[in-house]
1. Pairs please, first residue from the stretch 43-55 and surrounded by 10 or more Cβ atoms within 10 Å (Cβ to Cβ), second anywhere and part of a loop (DSSP other than H, G, I, E, B) and at pLDDT 90 or above, Cβ atoms under 9 Å, 6+ apart in sequence or on different chains.
2. Contact list please: Cβ distance under 7 Å, first residue in the stretch 103-120 and on the phi > 0 side of the Ramachandran plot and among the polar types (S, T, N, Q), second residue outside any strand (DSSP E or B) and surrounded by 10 or more Cβ atoms within 10 Å (Cβ to Cβ), pairs at least six apart or on different chains.
3. Only one residue in Leu80, Leu95, Leu111, Leu85 is surrounded by 11 or more Cβ atoms within 10 Å (Cβ to Cβ), under 29 Å from Ala44 (Cβ atoms) and not small (Gly, Ala, Ser), so which one is that?
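The values are calculated or read from the model by the stated rules, or taken from the named source; none is laboratory data. Since we're looking at a predicted model, the values are computed, not measured. Note: ideal-geometry Cβ built from the backbone for every residue, glycine included; neighbour counts use all protein chains shown.
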Amino acid sequence: MHPVANEVPVPTDQVETALLALAERRFTGRARLALRVRPEAALAVELLPPEATESQRIGDKAPQLSPELFRNGEASTRELKVKQLLISNAYRFRLGMKLTAVVCDFKEGILVTAQWITVG
C-alpha cells in the first residue's frame with residue numbers, strides 16, 4: 001500500500017508528451033493543460049476486507065441470529081440502516097484530484113514558468 005492512505009501517484013506521461021511537443025516546435029506563449037478524473041477511475045477503487053471489533057457487555061447473552069434477516073421481499077431494519085448510512089454519507093465516497101490544470105509559459109520552446117491550478 002502507498003505510504004499515504006488512499007493516495008496513489010498519477011502518471012505524468014501525457015503531460016510530459018504535451019509539454020515536449022511545445023518545446024520541440026519552439027512555441028512562444030502560454031499553454032494550459034487541463035486535468036480531470038474520469039468516471040472509470042472510480043471502478044478501480046478496491047474494498048479491503050473489513051476489520052471488525054465485536055463488543056460484549058459482561059452479563060449479556062451471546063448474540064443470536066434474528067429471524068428478521070430471513071424475511072422475503074422487504075428490507076429488514078438492519079438493511080435499511082446500512083442503506084441510510086451510505087445515502088447520507090455519499091459525499092464521502094468521492095474520488096478526485098486537487099490539481100485541475102498546469103499552466104506553462106514558453107519562450108522559443110524553453111519552459112519559463114509553471115503554475116499549478118488547484119481547487120479546495
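1. From the stretch 43-55, no pairs qualify.
2. Going by the 7 Å Cβ cut-off, there are no qualifying pairs.
3. None of the others qualify; the one that does is Leu95.
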